[in-house]
Amino acid sequence: MEILLVEFVPGIHLHLRLDALGALLAATAAVLWVLVAPSPGNGRRYATFLGLTFMLTLGVAFAGNLLTLLVFYELLSLAAWPLVVHDESEEALAAGRHYLAYVLTGGTILLLAIAFVTLSVGPAPFGTPVDLPPVGFVLLLAGFSVKAALVPVHGWVPRAHPVAPAPISALLSGLMVATGSFGMIRVFQLGAPTPVALLTTVAALTVITGGLVAIRTDNLKRRLAWSTISQMAYVPLALAVLDVEALAGGILHIIHHAFMKGGLFLCAGLLLHQLGVRRVSQMTGVAHRMPWTMGTFTLLSLGMIGIPPLSGFVTKWVIGTGMAQAGAWLSLAVLLTGALLAALYLMPIVHTAWFGARAEGPRADPSARTLIPVLAAAALTVLLGIGAALPGFPLQVARLAASGFGG
Amino acid sequence: MTPHWLPVLIAIPIAGGVLAPVFSRRTASVWGLGVLAATLGVALGLTGLLADGVISYPMGGWPVPFGIELRFDVLSAFATAVALISALAIWFSSGSQGRVTSPEGIAVLLLCAGGMVGFLLAADYFTLFVFLEILSISAYGMVAMSDERGAGIAAFRYLLMGAAASIVILLSVGLLYTLTGSLNMGDVRLRLPDGGLPLYLALGGFTAGFLLKAAAFPLHVWLPDAHATAPSAVSAILSGLVVKMGVIGLLRTPGLDQLHELLLWIGAASLLGGALFALVQDDLKRLLAYSTVSNIGLIVLGLALHRTGATIHILNHAVVKAALFLAAGAFIHRAGSRALEGIGRSMPVTTAAFAVGAMAVIGIPPTAGFTGKWLVTLGALHAGRPVFAVILLLSSLILALCYARFLVALAFRPARADIREAPVRMLVPILLLVALSLVLGLVGGRLAEFVGF
Amino acid sequence: MKGRLAAAFATGVSIPMIAAMAALPRHGSPDQPIHTHVARHYIEQAPESANLVTQVLLDYRGMDTFGEVVVIFAALVAVLVLRARGERPLPAPSPSPIVGFIVRLVTPFFALFAFHVILTGHEAPGGGLQGAAILGGLVLMNGIVFGPERARAFLPTRALPWLQGAGPLAFLAAGILGGITTGFALGYPAHLPVLHEAMLVGVELGIGIGGAVIFSRLYLAMEA
Amino acid sequence: MSPLLENLDYVATTILFCIGLWTLIADSNLIKKVMGLNIMETAVFAFIVTSGMIEGGDAPITGPGAELPFMSPIPHALVLTGIVVAVSTTAVALALLLRVHREHGTLDIDELRGRW
């Protein structure tokens, strides 16, 4: 079902189209915004731009051709900027400048790429696969990789997350980076003319460097940011395998990762808010003071690492089987090392929090009401993990979306 | 039925200007608005008639090569933007005590609008020159309307370079007359020899003259001082409309296609030069002035690569840059001085309008600036010259960072006390222009068919 | 240093220009396009006694002259609007008796000659603008010799804003009249010779008086 | 005759034009720059008027005693308008200079450059 709105550029319409892939992203965005929204007292500007970013993410999800995708993609980058610099501290503004420089450059590369594509194949709606010009294909991937935070152009993620308010970091990791990967999936939906060895290597590099740096980072939010870089690189990794099952796993990973990482950032936010804890080194024995928060943090961490029956395991399992089917053993190895690295940078946090010297002081868990979003995220992780195979669950819809791919 | 509306379209603003000194200070602005509203009405009517072909009108009844002919073609439809933006500029400054709203000030504004309308309609090279002079002299006067110390010298530099450009253009008109014996544009094109030194000299004269009037890169040195020291409402007219006349003059030059290579490099130089200079400015109006130089570069580049895109950008940039200058005027009016640190917080509507305007001038997709940028990029790739597409995108990226840096200083710094939102008479023109820039962004496709070079 | 650089630039510019000028059709040859195209038509159609230049100025290319009159008006309002604030004291000149006497003597004849030039412009050499220049010069002469106050005395105060626009307004009237009688704006009706003559003289008069007032006000704006 | 000599009139006006251009650029006194501009304008008007000349031609005024061939009247009309344009530009330029002189006290471009 699609609608051709106004012809805003000669020959190309503002094209909205509903398909399985778009629906999945939209659903994830809706749920995540609900988890994130109820943060109190951040002022009118925060609320307006939060709503605006949600609308634009829906736009990205339902874009029907490359140029419409670019329209919402660029606006989303700009609309997220005031949220990133919400604290207006000098450090936040500097991070904002970095964010804008990276993201606008990505947008510019995309514009050039789409010009190339439009020149040779016309408006390129997503429904019909088309043979993309190689230059256009490479530039498109380069453009999307800026927001998907692949290694050479990931600089804005570790700077923006610690500065942004916790709910925004949850959104940034959960969905902003996801729109980059989502864009890449759309490109692959159109066609994959050239060999994707380059994409595999870059994705593998990102997974490994992301994991390694995360292990050594002490600032909690920055560590989670590096974890996002490493985890979200699974999607291009799965894409490059050109196998329908791996692709379905990649799509699924966007969704599950969004909830898990969103929950983790919210926990980090609660830790900061209640105890002023910013660094992992300050978290020794903190679980005894905030058992509920740390409990969900632990559960979410296990999910991230991929322990069955949680949702993290499901995505890694589906991607793994896809890679095995396609015989991409190298990618499979990278996938597993990624999971190992996740364990190496998340488990120490859980260990120090629970088994470290008991931190004295009264119970500092936030009120039940503020805990709901975090608990919901944890519940989702469990639910999606256990019920993965049930009909109507994201896995089945992801498989449906992946099946329609030409690639 | 002979289209009498053409001479009427020119007569209304000029007669309005001539009669403006008769009015008092209070009623002069109202008179100005009335005159420009009438001009807008006639221009819109004629644009409607344009659907079934170009409208031509022989003045005095003399058949074409023997008398002066007025033609209303796609480029002349820009007269609607001239009337609209001039009217909004007058509405913006009505009620202020400056020289702009004095009877003589309104007269100068109306004559400038009349000169521009005449320039757009003239199909005769000498009439083109005469109306170019009317709008130029009014523009020199408009720059000097501000009480700032530097306004006099800025206006004088603008006059000196503008007059030199006009003289070179007149020399070229004389050369064309010597070569062809006639002055009517169509007739001259038919009778021009296809080569020879005099033709190249005439062509060179036209190009150099109009490039200077359009403030393309090497010849843009007069623009930043002039547009920065002029009152904001005047800068909106100067940057939005007067500068475009230079480009439209280029489009009227016979044999423009022989200058393909020159236009490419001058366009690229203006694009990049304007953006780089904008990077080092700390005063808002100088930033906007250099951004105009950059966008003129985009239009000149477009003349060589994608003429429809360039023509559309002439209109889009006029609307967007006028909105930005008016918003700057509102900021300066409320802040009392050029230091605009942190006043955005207590002027949310103006800041939002400025932000959307900035997005439009950079060319973020749904807004007006995007259509031109997109089409010229396509043109560059189609012509197999991707380097110009890269220059174009790079300079709009640099401009994006300039505007972002300014928006941060405006809206994210600690607020200043006793700053109120801009008055309604300033807000309505700004919001109208910003809304128009969004609409223009969405009807890019339809606009391209209408222009259809 | 700048002088030499400018000289080098100017000579640099002059070389291609001179080469192009040399390549133009031979100067003065009767068969060059100037004489064989539009101009030949004007000369053949010319009535037996007429100043062709004024005919071209008003009839064939009336729009240019309309533009020209608007240009001088635009210059006036631009000068009025950009004047620096603050009045300068008027230096009261003390004319030597001889100069004063001659100027007072000559003034009326000047005016008479100016109006002659204006009114016979369409048959004999002369025309609206030339007359305006003479009249303006007359006012300036008095202003310079007897001080700006005397020059201001020449100009009516109440009707001034109307009078200074006389040029363009006369053209607008001629345009409308021409539109009505000949179906095209600024067309002079050949079939109504009396109206034709009246319009020509009317426009010339408008340009003459309007121009003179503008020249005087320009002088006064700079002087006072 | 070489074309240079035949079109000597045009060449002369071009030389005058370049002298005006030189004055416009080289001189540091603003009034001299305006004078340079006027020289350039006069040169262009001279060029346009001489282009209308015809050998043995008479002034384009028909009447008793005037016979063909006539000079082309159009250049004369163009130059009349051009002169008024030149006068207007110069008037505005001088008015601006009055204001600059009152505000800055000097009309020398080098002194001014440092000032504003």
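Yes/no matrix, rows are residues, columns are (1) in contact with a strand residue (DSSP E or B) (Cβ under 7 Å, 6 or more places away or on another chain); (2) within 18 Å of D:Val79 (Cβ to Cβ); (3) free of Cβ contacts under 8 Å to residues at least 60 places away in the same chain:
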{"residue": "C:Val53", "(1), (2), (3)": "no, yes, no"}
{"residue": "C:Tyr60", "(1), (2), (3)": "no, yes, yes"}
{"residue": "C:Asp64", "(1), (2), (3)": "no, yes, yes"}
{"residue": "C:Phe73", "(1), (2), (3)": "no, no, no"}
{"residue": "C:Leu80", "(1), (2), (3)": "no, no, no"}
{"residue": "C:Pro95", "(1), (2), (3)": "no, no, yes"}
{"residue": "C:Gly100", "(1), (2), (3)": "no, no, yes"}
{"residue": "C:His116", "(1), (2), (3)": "no, no, yes"}
{"residue": "C:Leu135", "(1), (2), (3)": "no, no, no"}
Would you check if B:Val100 is touching a residue at least 40 places away in the same chain (Cβ under 8 Å), touching a helix residue (DSSP H, G or I) at 6+ places or on another chain (Cβ under 6 Å) and part of a helix (DSSP H, G or I)?
-> yes
Scan the range A:3-19 and report the pairs whose first residue is in a loop (DSSP other than H, G, I, E, B) and whose second residue is surrounded by fewer than 17 Cβ atoms within 10 Å (Cβ to Cβ) and basic (Lys, Arg), with Cβ atoms within less than 7 Å and a gap of 6+ or a chain change.
-> A:Glu7/B:Arg446
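State yes or no: is C:Pro148 in the same structural domain as C:Gly100 (by TED's automatic domain parsing), in contact (Cβ under 8 Å) with a residue 24 or more places away in the chain and closer than 30 Å to D:Arg102 by Cβ? Can you show your working first?
Details: in the same structural domain as C:Gly100 (by TED's automatic domain parsing): yes; in contact (Cβ under 8 Å) with a residue 24 or more places away in the chain: yes; closer than 30 Å to D:Arg102 by Cβ: yes.
Answer is yes for this residue.
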Selection from the range A:53-67 of residues away from every other protein chain (no Cβ under 14 Å), outside any loop (DSSP other than H, G, I, E, B) and of a type in the set (Gly, Ala, Ser) yields A:Ala61
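Which of the helices (runs of 4 or more DSSP H) found entirely inside the range D:11-116 contain at least 1 residues meeting this: free of Cβ contacts under 8 Å to residues at least 12 places away in the same chain, facing chain C (nearest Cβ under 8 Å) and touching a helix residue (DSSP H, G or I) at 6+ places or on another chain (Cβ under 6 Å)?
Numbers: elements: D:30-51, D:73-104, D:109-115.
Hits in the range D:11-116: D:73-104.
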Within the range C:97-138, the count of residues that are outside any helix (DSSP H, G or I) and not acidic (Asp, Glu) comes to 7
Counting only residues that are without any contact (Cβ under 8 Å) to a residue 24 or more places away in the chain and of a type in the set (Ser, Thr, Tyr), how many does the range A:332-380 have?
-> 1
Take B:Thr292 and decide whether it is within 25 Å of A:Glu88 (Cβ to Cβ), more than 14 Å from every other protein chain (Cβ to nearest Cβ) and among the β-branched types (Val, Ile, Thr).
-> no
Residues of the range C:46-81 being within 7 Å of chain B (Cβ to nearest Cβ) and either of a type in the set (Lys, Arg) or farther than 30 Å from D:Leu98 by Cα (or both), which ones?
-> C:Asp59, C:Tyr60, C:Arg61, C:Gly62, C:Met63, C:Asp64
Which one of these does C:Ala74 not meet: (1) crowded, with 19+ Cβ neighbours inside 10 Å; (2) closer than 29 Å to D:Ala12 by Cα; (3) hydrophobic (A, V, I, L, M, F, W, C)?
-> (2)
Has the range A:217-224 got at least one residue that is over 22 Å from A:Leu175 (Cα atoms), at pLDDT below 90, acidic (Asp, Glu) and not in a helix (DSSP H, G or I)?
-> yes
Just one of B:Val130, B:Val108 is aliphatic (A, V, I, L, M), within 30 Å of D:Val11 (Cα to Cα) and under 19 Å from the mean Cα position of the chain (by Cα); which is it?
-> B:Val130
Just checking, which of A:His273, A:His257, A:His253 is surrounded by fewer than 24 Cβ atoms within 10 Å (Cβ to Cβ) and either among the charged types (D, E, K, R) or in a helix (DSSP H, G or I) (or both)?
-> A:His273
For the range A:102-126, how many residues meet the condition of being within 21 Å of the chain's Cα centre (by Cα) and within 7 Å of another protein chain (Cβ to nearest Cβ)?
-> 2
Residues of the range C:173-210 satisfying the condition of being without any contact (Cβ under 8 Å) to a residue 60 or more places away in the chain and under 17 Å from the mean Cα position of the chain (by Cα) = C:Gly202
Residue among B:Thr127, B:Thr101 that is closer than 16 Å to B:Gly34 by Cα and of a type in the set (Ser, Thr, Tyr) = B:Thr101
B:Arg446, sole failed condition from (1) at pLDDT 90 or above; (2) within 26 Å of the chain's Cα centre (by Cα); (3) surrounded by fewer than 16 Cβ atoms within 10 Å (Cβ to Cβ); (4) at the interface with another protein chain (Cβ under 9 Å from one of its Cβ atoms) | (1)
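Go through the range C:1-45 and give me each residue that's assigned to a loop (DSSP other than H, G, I, E, B) and more than 13 Å from chain B (Cβ to nearest Cβ).
Looking only at the range C:1-45, we keep the residues that are assigned to a loop (DSSP other than H, G, I, E, B), and these are C:1, C:23-32, C:37.
Listed by number, the list holds a single entry, C:Met1.
In this structure, is B:Met142 more than 9 Å from every other protein chain (Cβ to nearest Cβ) and in contact with a helix residue (DSSP H, G or I) (Cβ under 7 Å, 6 or more places away or on another chain)? Give the derivation first.
Numbers: more than 9 Å from every other protein chain (Cβ to nearest Cβ): no; in contact with a helix residue (DSSP H, G or I) (Cβ under 7 Å, 6 or more places away or on another chain): yes.
No.
Residue-wise test of (1) among the small types (Gly, Ala, Ser); (2) surrounded by fewer than 24 Cβ atoms within 10 Å (Cβ to Cβ); (3) part of a helix (DSSP H, G or I); (4) not assigned by TED's automatic domain parsing to the domain that holds C:Glu123.
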| site | (1), (2), (3), (4) |
| --- | --- |
| C:Ala173 | yes, yes, yes, no |
| C:Gly179 | yes, yes, yes, no |
| C:Ala185 | yes, no, no, no |
| C:Leu195 | no, yes, yes, no |
| C:Ala198 | yes, yes, yes, no |
| C:Val201 | no, yes, yes, no |
| C:Gly211 | yes, no, yes, no |
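Given the residues B:Gly95, B:Gly105, B:Gly114, B:Gly118, which is the only one that is on the phi > 0 side of the Ramachandran plot and among the small types (Gly, Ala, Ser)? Break it down into steps so the answer makes sense when it comes.
Working: B:Gly105 fails: on the phi > 0 side of the Ramachandran plot; B:Gly114 fails: on the phi > 0 side of the Ramachandran plot; B:Gly118 fails: on the phi > 0 side of the Ramachandran plot.
The match here is B:Gly95.
Please go through the range B:166-222 and give me each residue that is of a type in the set (Gly, Ala, Ser), crowded, with 21+ Cβ neighbours inside 10 Å and within 11 Å of another protein chain (Cβ to nearest Cβ), ordered by number.
Within the range B:166-222, B:Ser166, B:Ser172, B:Gly174, B:Gly181, B:Ser182, B:Ala202, B:Gly205 qualify.
Yes/no per residue for (1) out of contact with any helix residue (DSSP H, G or I) (no Cβ under 9 Å at 6 or more places or on another chain); (2) not β-branched (Val, Ile, Thr):
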{"position": "B:Ala11", "(1), (2)": "no, yes"}
{"position": "B:Gly53", "(1), (2)": "yes, yes"}
{"position": "B:Leu75", "(1), (2)": "no, yes"}
{"position": "B:Ile85", "(1), (2)": "no, no"}
{"position": "B:Ala89", "(1), (2)": "no, yes"}
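In this structure, is B:Leu271 over 14 Å from the mean Cα position of the chain (by Cα) and surrounded by fewer than 23 Cβ atoms within 10 Å (Cβ to Cβ)? I'd like the intermediate steps shown before the answer.
Values: over 14 Å from the mean Cα position of the chain (by Cα): yes; surrounded by fewer than 23 Cβ atoms within 10 Å (Cβ to Cβ): no.
Answer is no for this residue.
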Of the candidates C:Ala166, C:Ala133, the one satisfying the condition of being within 14 Å of chain B (Cβ to nearest Cβ), of a type outside the set (Val, Ile, Thr), under 16 Å from the mean Cα position of the chain (by Cα) and surrounded by 16 or more Cβ atoms within 10 Å (Cβ to Cβ) is C:Ala166
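The values are calculated or read from the model by the stated rules, or taken from the named source; none is laboratory data. Keep in mind it's a predicted model, so treat the numbers as computed, not measured. FYI the Cβ positions are ideal-geometry reconstructions off the backbone, even for glycines, and counts take in every protein chain you see.
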